[in-house]
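Written out below as structure tokens is the structure these notes cover.
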Amino acid sequence: MQRLTRQRNAVFSAFSDAGRVLTAPQILERAREIVPEISLSTVYRQVSLLLADGEIAKVELPGEPARYEVACKPDAHRHSQHDGKEADHHHHYFHCAGCGQVFLLHACPGPMDDLVPKGFQVQSHEVTLHGLCASCADTGGKKARTPKAH
């Protein structure tokens, strides 16, 4: 575990009340509210340390910049499967085509075994819904898309 610094605290605090996953530039914008002089390279360095410590998790969508979210603590959140067994906690996402933001979905659709051919066994699944967030839907999808950061 790394020692707590102002920069690390600012980066981790960027996630509080975000309600969505964040790109490094979005983390930078929020972290600057706490540490105005923080740089993007410092954000990436702190993100790397937080990833290594298991405090945050990387969210990757095809063709999109990496995003990050606060990691679930082991055994703190678990989904119950229909067969009564516990499943590891995982998240699903909504990707807004208008502004490019990615939001956490509040639930998991559950086991996908009934969708696969007979004899197949599902080991995991990922769900990403695409559309317009409430803000973009209100503006007819004309809200400015956040620039892609690589």
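The values are calculated or read from the model by the stated rules, or taken from the named source; none is laboratory data. Note that the structure is predicted; figures quoted are calculated from it, not measured.
Report, by residue number, each residue of the stretch 81-104 that is modelled with pLDDT of 85 or more and outside any strand (DSSP E or B).
Matches in the stretch 81-104: His92, Ala97, Gly98, Cys99, Gly100, Gln101.
If you check Val43, Val21, which single one turns out to be within 17 Å of the chain's Cα centre (by Cα), modelled with pLDDT of 95 or more and β-branched (Val, Ile, Thr)?
Matching residue, one of Val43, Val21: Val43.
Name the residues in the stretch 121-142 that are modelled with pLDDT under 85 and under 10 Å from Cys96 (Cα atoms), would you?
Across the stretch 121-142, the qualifying residue is only Gly141.
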